[in-house]
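Structure first, commentary second.
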Amino acid sequence: MKGNEDVIEKRPLLEDENCKQQHNEQIKKTGFPRWLTLSLGIIVVFLHFVSYLLNLYVMNQYSYKAYYEKTFPNSSLKSSGNTSACEQNTNTTEYKQQIVIQKLTSEWGIYCTLASNIPGIIFTINIGSLSDAYGRKLFFVAPLIGTVLKNGLCCVGIYYGLNIELFIIFYGIEGCTGNWISTMLMVYCYIADLTEPGKPRSLIYGILEGIIGIAAFISSTFSGYLIKWTGGFFYPEVTSVGFVLLGLMIAVFVLPESLPPSKRRDKVSFLENMGRATECYRPNFSPHGKRWMFINLLFIFILSGFANLGRIQVETLYELNSPFCWDSVRIGWYGALKIGMLSIGGMIMIKTFHFCVNDEYIALTGFATSVISAIVFGLSTTDTMIYIAAVLNFGNTVTMPIVRSIMSRMSPAHKIGSVFAGIAAIEFICNMASSLLANAVYDATVDIYKGFTFFVMAGYAVIGIVLCW
């Protein structure tokens, strides 16, 4: 990857000046100052991500409760918004019931992931390339509409106590319009339209990840208290609808277009448009980066996704059960601590490392924190060890935005949407596959050693370190 930096440094100074002039012209055409235009795009994805994570935390705990009541209606253990159905004595019938419910909830999570991500991959592959031809604004709207529908239907399902398997259909509806990953794709394109390649763009991407971390901090903390204060799951889910609705209103009525008609690509057929998402891995795509660089970056991105994206759901199952038996508030506070460390640590890492090293070393360090954190979490037998794992997790999200930044600086400006579409499709696949594997490993090993799935995640990150090096 070091050769990549050498290639970039050899660009003519005149080319860089022309690039800056082009960006200034684009900024003038948005009708807003650049900082405000960037802020609006980031606010939209912030609201979408708060809604998505609030729904995730609520549904993880609601599904556990629903399966307990459905499978063991006469059990002495009852999960509610205030307490966790948890038995620490491994010799009791209730403990054996917990193992059954963990497996059922894990399998339900697998089906929801498949329903959301399989159609989402096809949608996302197309919107990135289409946004190069039709502009960015239109493709902010569709994923937000899908999440409004899914979260709204979840509200209905919770209120009327519908069969928990029906919720899988709701996730499928969201997948048909993309989800938060599609919105992230658009905001990455949006930032690339308005910033210069290199460290300035990497810094904005780092700030974006920090803002996303703040969104996750709010939703994880807020979810626990909402569940506790309302004594259930309906009103927290209604709140998630409110957040994404606000984001949709901003995208429709306020957000300016960042890609002027003069900078757009030619319109092509549906199949050709899908093919554009993989063109960066073919010969002669760009004068600024070789084919092997893009392929290596792709594998680094995939390994980072597998090491990190599938952790939330299995972490929640791990914490709900013995020996921890956490309630919704404690789960929320743990999520807040973990995500707070990710947000602050990621921004500090990117800014500090830029004084002395290149982006490639930041990606490597991100993998290193993933390895250490996953191993400590997998070994955890006390609350203290889990909190230590959260602190050690401070840099594991920096790798994916850094890979995007490196790819964008190696790509022609009018093809960035296609490049990011391919990366977003891979992120969908990683989100789906990592969740499936994490749940499957947890399902297979929960009655042997519950922390084993976290060791597998650490293994992905170790391979990523080798590729970065």
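The values are calculated or read from the model by the stated rules, or taken from the named source; none is laboratory data. This one's a predicted model, so the numbers in the text were calculated from it and none came from an experiment. Reconstructed Cβ throughout: ideal geometry from the backbone, glycine too, with neighbour counts over all protein chains shown. Just the protein is used for accessible areas: all its heavy atoms, side chains included, with ligands, DNA and RNA removed. Shrake-Rupley method; radii C 1.70, N 1.55, O 1.52, S 1.80 Å.
For each pair in 150/228; 103/450; 96/450; 103/338; 263/290, compute the distance between the two Cα atoms and list the pairs where it is over 20 Å.
150/228; 103/338; 263/290
Determine, for each peptide in 179-189, 295-305, the mean count of other beta carbons within 10 angstrom over its residues, then list the peptides with the highest first.
So the order, starting with the most tightly packed, is 179-189, 295-305.
How much net charge surrounds residue 437 when only the other residues with a Cβ under 14 Å from the Cβ of residue 437 are counted, with Lys and Arg +1 and Asp and Glu -1? Show your work: numbers first, answer last.
Details: positive: 311; negative: 107, 443.
Counting the neighbours of residue 437, the net charge comes to -1.
Could you please put 263, 450, 228 in sequence from largest to smallest accessible area, using a 1.4 Å probe?
From most accessible down to least: 228, 263, 450.
Tell me the mean residue ellipticity at 222 nm calculated for the chain from its helices only (DSSP H runs of n ≥ 4, each -39500 (n - 2.57), averaged over every residue, nearest 500).
-26000 deg cm²/dmol
Taking amide H positions as placed in the peptide plane 1.01 Å from N, state which residues far from residue 395 in sequence (5 or more) or on other chains have amide H under 5 Å from it.
Amide H neighbours of residue 395, under 5 Å, 5+ apart: none.
With every protein chain left in place, what is the accessible area per residue of the stretch 86-158 in square angstrom, probe 1.4 Å?
Solvent-accessible surface per residue comes out at 35 Å².
If you bin the C-alpha pair distances of the stretch 177-283 every 10 Å from 0, what whole percents do you get?
P(r) over the stretch 177-283, rounded to whole percents: 10, 29, 33, 18, 9, 1.
What list of ³J(HN,Hα) couplings, whole Hz, do you get for the stretch 301-306 from phi and the Karplus terms 6.51, -1.76, 1.60, once you set θ to phi - 60° and write x for glycine and proline?
4, 4, 5, 5, x, 5
For residue 368 and residue 249, what does the FRET efficiency come to when R0 = 35 Å and r is the distance between their Cβ atoms, rounded to the nearest 0.05?
Working: r = 41 Å, r/R0 = 1.18.
Once rounded, the FRET efficiency stands at 0.25.
Per residue and in Å³, how big is the convex hull formed by the alpha-carbon atoms of the stretch 86-225?
Values: hull volume 21.2 nm³, N = 140.
Enclosed volume per residue, from the Cα hull, is 151 Å³.
Just how large is the dipole of the stretch 301-416 about the Cα centre, in debye to the nearest 20, putting +1 at every Lys and Arg Cβ and -1 at every Asp and Glu Cβ?
Its charge dipole is roughly 400 debye.
What's log10 of I(q)/I(0) for the stretch 310-364 at q = 0.19 Å⁻¹, Debye sum over Cα points only, no solvent?
For the stretch 310-364, the Cα-only Debye profile gives -0.72.
How big is the convex hull of the Cα atoms of the chain, per residue, in Å³?
Cα convex hull per residue, to the nearest whole number: 126 Å³.
Keeping every protein chain present and rolling a 1.4 Å probe, give me the accessible area per residue for the stretch 303-376 in Å².
On the way: 2270 Å² over 74 residues.
Result: 31 Å² of accessible area for each residue.
Residue 145 to residue 462: FRET efficiency via 1/(1 + (r/R0)^6), r the Cβ-Cβ distance, R0 35 Å, to the nearest 0.05?
0.30
Quickly work out the residue 96-to-residue 225 label distance, labels modelled 7 Å from Cα along the C-beta direction, and quote it in nm with one decimal.
It is 4.2 nm.
For the chain, with all protein chains present and a 1.4 Å probe, just round the carbon and sulfur fraction of the accessible area to a whole percent.
Accessible surface attributable to carbon and sulfur in the chain totals 68 percent.
Taking 8 Å as the Cα distance limit and 6 or more residues as the minimum spacing, I'd like the relative contact order of the chain as a percentage.
On the way: 785 pairs, mean separation 123.5, N = 469.
Here the relative contact order equals 26 percent.
Calculate the dipole size of the chain relative to its Cα centre from +1 charges on Lys and Arg beta carbons and -1 charges on Asp and Glu beta carbons; express the result in debye to the nearest 20.
780
Out of every Cα-Cα pair in the stretch 362-469, what percent are more than 23 Å apart?
Beyond 23 Å sits 38 percent of the P(r) for the stretch 362-469.
Please give the FRET efficiency for residue 379 paired with residue 325, using the beta carbon to beta carbon distance and R0 = 25 Å, rounded to the nearest 0.05. If you can, show how the numbers build up before the last one.
On the way: r = 19 Å, r/R0 = 0.74.
Efficiency, from the Cβ-Cβ distance: 0.85.
Which of the peptides 119-129, 238-248 is most tightly packed, and how do the rest follow, going by the mean number of other Cβ atoms within 10 Å of each residue?
Sorting 119-129, 238-248 by mean packing, highest first, produces 119-129, 238-248.
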